[in-house]
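The values are calculated or read from the model by the stated rules, or taken from the named source; none is laboratory data. Bear in mind that the values here come from a model prediction, so they are computed numbers and not experimental data. Counting neighbours? That spans all protein chains shown, and the Cβs are built from the backbone with ideal geometry, glycine included.
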Amino acid sequence: MLRLEGITAGYEGTRVLRDIGLEAKEGMATVLIGPNGAGKSTTLKVINGLLHPTGGRVVFQGNDITKIPAHERAARGIASCPEGRRLFPLLTAEGNLRLGAYSPRGRAAAEETLASVYDLFPRLRERANVKAGRLSGGEQQMVAIGRALMSKPTILVLDEPSLGIAPKLVSEIFEKIQQLRKGGLTVLMVEQNAYQALRIADFGYVMQEGRIVMDGPPDRLLDLEDLRKAYFAIP
Amino acid sequence: MADFVALFLTDLVLGLLLGCVLAVIAHGLNIIWGVAKVVNVAHGEFIMLGAYGAYFLYLYGGFNPLLSVPIDAAIGLVVGMGFYFGFLYRELRGKESMGLQSELVTLVSTFGLSLVIVNIAQSIWEHPVGILWSPGAAQVGPVPVPFGGLYVAVVSVALIALTDLFLTRTYLGNAIRAYTQDIPATQLMGINPTVVAAVGIGMGFSVTMAGGALLTVWLPTGIDPTKIGILYAPISFVIVVLGGPGKMWGSLVGGLTIGLIINVGQLFLGGSIALATAVAVLTLIPILLFRPEGILR
Ligand SMILES: Nc1ncnc2c1ncn2[C@@H]1O[C@H](COP(=O)(O)OP(=O)(O)O)[C@@H](O)[C@H]1O
Ligand SMILES: [Mg+2]
């Protein structure tokens, strides 16, 4: 479905990613884990088009989309929940959700999708008219996921959905992501919270200092003793 | 005493009517600022061009200023998009937000544009010109209400309401509001930032030039290229800051405030419009000190 091939990328002269290759397979949940600063968010920016790589290719559904601008990638079905959620703080929760349906594929079914987002996160129905800037961290994350779903995406790309939200909400968010993946949505998720992320994953990649250093099915990654020490900070 | 009450009421009504047209000319500046965080120093010159648009439509087509409004608005939309692609696009393209460097570039380039326009205008239009249109007045008790000013006020408020509806009720309008808050996030919604910025700025110029057409009704001494920009650009800036930059109804609140201060104020200042205008501008100080986000919340 979505593949990175030999991606090199960085910011103004500093190279962050070196020869990244990874694939998110259709209907699966793929997880990218690694310590802070490894380059996970940068990888997702290469995927959603906010950062253009200096080398390598981004392939989506068999097409090379490396040179395609971010807004066209979204319109083609790559939906993002970016790092820090990036809601529009002065729009209401529902205003944010509706904007998620901006591209033609989302707009046609906006009302039905909105209803299904409210079914997925009933809390948002109560908070619909609250400005996004006034929502709690957990609610903001729900809006961010819902907003991404409003575009009727083929792949949902999430950057640390557990960051900055109450612990009891974290498992709820992961549950919902699992539910979406069971409903047939392809998911690519970046997480520091490796255990919980790998639990709902079909396949995992481990990143360190801008490289993919390991990959495999989640149970194998969880088994590796040295990996635990290095990346999960668990003795 | 009864005389004073009549004068007071008359100035109150005129102040409100004038406030509406001041609101709409400031509204264009407000939109451009709100959308792109660009301070258009050439704002006054585009008001002037709108006024000339109305004048030539009157001269060659017999249009009254109200009929020129939609035509000026359409021209303004095209001019604004041209302005975006000519002056701002290269500077803003690929930027996640407006930095100090870009702010300076846009300030200097719009200042340059303003000088060019005003100098050309003064060399080809040497004398003030006027539009003869007097639809009369109604006498309401002691207060004469000029129909021209009344129509202009209605159209002004309607224009502000239309822009507000567009920005809050349509996909494109909401995309413009989103753009002002977070450009990269807008792109992730499938929104083309170039289109949104061009439309937003086009809309600002559209309202500015339409405002110029409406203003002609309030210019008894005619359209004077040496005066319009110098007088109405600063008033527009004051109104936008008073009402709250980026808030659509802030333009109306600021405009009415200034209109009232000028008209009612001069009554208490020995009839000096200049002094009253100075007082109106001075209201900026307490606002900036105590409510920098503007009168509207
Ligand atoms: N906008 C940016 N400009 C410059 N350097 C950046 C920027 N964003 C991230 N970096 C750098 O790139 C590296 C990888 O960051 P990031 O992709 O955010 O890592 P992760 O998401 O894995 O924590 C870090 O060294 C970080 O300092
Ligand atoms: Mg990150």
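Let's see how each residue does on (1) hydroxyl-bearing (S, T, Y); (2) within 15 Å of the chain's Cα centre (by Cα); (3) under 27 Å from B:K95 (Cβ atoms):
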residue	(1), (2), (3)
A:I7	no, no, yes
A:G21	no, no, no
A:T30	yes, yes, no
A:T42	yes, yes, yes
A:N48	no, yes, yes
A:H52	no, no, yes
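Take the residues of the stretch B:272-289 that are under 17 Å from B:I230 (Cβ atoms) and modelled with pLDDT under 85: which is surrounded by the fewest Cβ atoms within 10 Å (Cβ to Cβ)?
Within the stretch B:272-289, the match that is surrounded by the fewest Cβ atoms within 10 Å (Cβ to Cβ) is B:A274.
Taking the condition of being surrounded by fewer than 21 Cβ atoms within 10 Å (Cβ to Cβ) and either β-branched (V, I, T) or more than 9 Å from ligand 1 (Cβ to nearest atom) (or both), how many residues in the stretch A:22-47 meet it?
Adding up the residues that qualify gives 6.
Every residue in the stretch B:225-236 that is buried (at least 20 other Cβ atoms within 10 Å of the Cβ) and either in contact with a Pro (Cβ under 9 Å, 6 or more places away or on another chain) or over 19 Å from B:T257 (Cα atoms) (or both), please.
Answer for the stretch B:225-236, where residues must be buried (at least 20 other Cβ atoms within 10 Å of the Cβ) and either in contact with a Pro (Cβ under 9 Å, 6 or more places away or on another chain) or over 19 Å from B:T257 (Cα atoms) (or both): B:P225, B:I228, B:G229.
Please work out if A:A70 is at pLDDT 95 or above, more than 12 Å from chain B (Cβ to nearest Cβ) and in contact with a helix residue (DSSP H, G or I) (Cβ under 9 Å, 6 or more places away or on another chain).
Judged against the criteria, A:A70 is not a match.
Regarding B:P142, is this residue away from chain A (no Cβ under 14 Å) and farther than 21 Å from B:C20 by Cβ?
Considered against the rule, which asks whether it is away from chain A (no Cβ under 14 Å) and farther than 21 Å from B:C20 by Cβ, B:P142 comes out as yes.
State all residues of the stretch A:93-129 that are in contact with a Ser or Thr (Cβ under 9 Å, 6 or more places away or on another chain) and either more than 18 Å from B:L172 (Cα to Cα) or loosely packed, with under 13 Cβ neighbours inside 10 Å (or both); if no residue qualifies, say none.
The answer is A:T113, A:R127, A:A128, A:N129.
Check A:G137, A:G106 and return the single one that is of a type outside the set (D, E), under 19 Å from the mean Cα position of the chain (by Cα) and away from chain B (no Cβ under 11 Å).
Unique residue meeting the criteria: A:G137.
Find the residue count for the stretch A:42-72, including only residues that are within 16 Å of ligand 2 (Cβ to nearest atom), without any contact (Cβ under 8 Å) to a residue 40 or more places away in the chain and closer than 19 Å to A:P104 by Cα.
Adding up the residues that qualify gives 0.
Filtering the stretch A:17-38 down to residues that are at pLDDT 95 or above and under 22 Å from A:R86 (Cα atoms), which residue is farthest from ligand 2 (Cβ to nearest atom)?
Result: A:V31.
Assess whether A:H52 counts as being surrounded by fewer than 20 Cβ atoms within 10 Å (Cβ to Cβ) and at the interface with chain B (Cβ under 10 Å from one of its Cβ atoms).
yes
Which residue, of B:L252, B:L242, B:L275, is away from chain A (no Cβ under 14 Å), in contact (Cβ under 8 Å) with a residue 60 or more places away in the chain and assigned to a helix (DSSP H, G or I)?
Exactly one residue qualifies, and that residue is B:L252.
When the residues of the stretch A:61-92 are narrowed to those that are within 16 Å of ligand 1 (Cβ to nearest atom) and basic (K, R), which ends up nearest to the chain's Cα centre (by Cα)?
Once the filter is applied, the top-ranked residue is A:R85.
Listed residues B:A178, B:A161, B:A185, B:A153; which is more than 14 Å from every other protein chain (Cβ to nearest Cβ), more than 22 Å from B:L219 (Cβ to Cβ), part of a helix (DSSP H, G or I) and not charged (D, E, K, R)?
Exactly one of B:A178, B:A161, B:A185, B:A153 is more than 14 Å from every other protein chain (Cβ to nearest Cβ), more than 22 Å from B:L219 (Cβ to Cβ), part of a helix (DSSP H, G or I) and not charged (D, E, K, R), namely B:A161.
Can you tell me which condition A:E23 does not meet? The list is (1) without any contact (Cβ under 8 Å) to a residue 60 or more places away in the chain; (2) over 30 Å from B:T168 (Cα atoms); (3) within 14 Å of chain B (Cβ to nearest Cβ), and all the others hold.
(3)
Can you give me the ranges of the strands (runs of 3 or more DSSP E) entirely in the stretch A:139-220 with at least 3 residues that are within 16 Å of ligand 2 (Cβ to nearest atom) and of a type outside the set (S, T, N, Q)?
A:155-159, A:186-191, A:203-208
With (1) in contact with a helix residue (DSSP H, G or I) (Cβ under 9 Å, 6 or more places away or on another chain); (2) on the phi > 0 side of the Ramachandran plot; (3) more than 9 Å from chain B (Cβ to nearest Cβ) as the list, and A:R86 as the residue in question, which single condition is left unmet?
A:R86 satisfies every listed condition except (3).
Kindly indicate whether B:T216 is more than 14 Å from every other protein chain (Cβ to nearest Cβ), in contact (Cβ under 8 Å) with a residue 60 or more places away in the chain, among the polar types (S, T, N, Q) and in contact with a strand residue (DSSP E or B) (Cβ under 7 Å, 6 or more places away or on another chain).
Against the criterion (more than 14 Å from every other protein chain (Cβ to nearest Cβ), in contact (Cβ under 8 Å) with a residue 60 or more places away in the chain, among the polar types (S, T, N, Q) and in contact with a strand residue (DSSP E or B) (Cβ under 7 Å, 6 or more places away or on another chain)), B:T216 qualifies.
What is the number of the single condition among (1) small (G, A, S); (2) touching a helix residue (DSSP H, G or I) at 6+ places or on another chain (Cβ under 6 Å); (3) touching a residue at least 40 places away in the same chain (Cβ under 8 Å) that B:G141 does not meet?
The number of the failed condition is (2).
What tally of residues in the stretch B:78-104 results from selecting those that are part of a helix (DSSP H, G or I) and free of Cβ contacts under 8 Å to residues at least 12 places away in the same chain?
Going through the stretch B:78-104 one residue at a time, the tally reaches 7.
Which of the numbered conditions does A:P89 fail, given that it passes all the others? Conditions: (1) assigned to a loop (DSSP other than H, G, I, E, B); (2) in contact (Cβ under 8 Å) with a residue 60 or more places away in the chain.
Evaluating A:P89 over (1) assigned to a loop (DSSP other than H, G, I, E, B); (2) in contact (Cβ under 8 Å) with a residue 60 or more places away in the chain leaves (2) as the failure.
Can you pull out the residues in the stretch B:146-176 that are touching a residue at least 60 places away in the same chain (Cβ under 8 Å) and not aliphatic (A, V, I, L, M)?
Answer for the stretch B:146-176, where residues must be touching a residue at least 60 places away in the same chain (Cβ under 8 Å) and not aliphatic (A, V, I, L, M): B:P146, B:G148, B:G149, B:Y151, B:S156, B:T163, B:D164.
I need a count of the residues in the stretch A:114-134 that are without any contact (Cβ under 8 Å) to a residue 40 or more places away in the chain, more than 14 Å from every other protein chain (Cβ to nearest Cβ) and assigned to a helix (DSSP H, G or I).
Number satisfying all stated conditions: 10.
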